[in-house]
Amino acid sequence: MEIHKVTEGSHGKYWKMSLLEQLTSLDGRINRLRYFVLHFVTLIITIIYGAIIGLFLGFLWAITGAPEVIVDIILGLFMIPLVYIVYAIFLKRLQDMSRDGPWVTYLQVYSVLSLLYFMVPYGSSIESTIDLVTIIMSIPLGIVCLFFKGDHGPNRYGPDPLREFGADPIM
């Protein structure tokens with residue numbers, strides 16, 4: 001199954017990915033603008049999804065009287081899809097720049113810590129520590145993904161995402 005479709009056009013080969021593939025696939029490349037837009041859309045979705053899940057778990061907690069730690073773990077489990085989507089967006093942007101190895105490991109550690117953040121008790125010192133560490137870890141990822149140009153032309157992760165817009169591959 002091919003995730004990114006390579007199509008022949010007047011400017012050579014370019015790719016097309018559906019929105020679902022951009023959010024869930026670990027294959028392919030995305031440019032800086034698409035990264036920013038997808039990250040912003042994911043932020044909005046996370047706020048809405050988190051509010052719905054928070055209300056649901058709040059009612060569940062009030063009705064059942066379950067220990068807070070159980071509710072926190074369930075919240076973390078509900079947040080797995082969102083952490084995966086953020087991971088996929090970051091990964092595709094790193095692949096656009098041919099950054100792999102240590103960068104992917106760094107991203108994996110960041111994603112696991114982000115997931116753990118949702119599972120620790122609210123207001124605990126562990127939560128504060130993980131929050132601080134993930135904020136610090138997100139700075140280099142954000143700088144690299146927002147400000148560094150991707151590879152020109154195709155690389156081992158797929159065709160140049162800018163070719164879709166008819167951009168000159170040299171720019």
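The values are calculated or read from the model by the stated rules, or taken from the named source; none is laboratory data. From a predicted model like this one, the values you see are computed outputs, not experimental measurements. Here the Cβ is made from the backbone with ideal geometry for all residues, glycine too, and neighbour counts use every protein chain on show. Remember, those area values only see protein heavy atoms, side chains included, never the ligands or the DNA or RNA. Shrake-Rupley method; radii C 1.70, N 1.55, O 1.52, S 1.80 Å.
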The condition from (1) crowded, with 16+ Cβ neighbours inside 10 Å; (2) within 21 Å of Arg32 (Cα to Cα) that Ser114 misses is numbered (2)
Can you confirm whether Val133 is modelled with pLDDT of 90 or more, in contact with an Asp or Glu (Cβ under 6 Å, 6 or more places away or on another chain) and either open to solvent by 50 Å² or more (accessible area, probe 1.4 Å) or β-branched (Val, Ile, Thr) (or both)?
no
Quick check on Val41: is it within 16 Å of Leu115 (Cβ to Cβ), assigned to a helix (DSSP H, G or I) and under 16 Å from the mean Cα position of the chain (by Cα)?
no
Considering the range 90-102, residues that are free of Cβ contacts under 8 Å to residues at least 12 places away in the same chain and within 17 Å of Ser138 (Cα to Cα), and then whichever is most open to solvent (accessible area, probe 1.4 Å), we arrive at Pro102
Kindly indicate which of Thr105, Thr134 is free of Cβ contacts under 8 Å to residues at least 40 places away in the same chain, among the hydroxyl-bearing types (Ser, Thr, Tyr), part of a helix (DSSP H, G or I) and farther than 22 Å from Leu23 by Cβ.
Thr105
Members of the range 54-89 that are more than 15 Å from Leu115 (Cα to Cα), of a type in the set (A, V, I, L, M, F, W, C) and open to solvent by less than 70 Å² (accessible area, probe 1.4 Å):
Leu57, Leu60, Ala66, Ile89
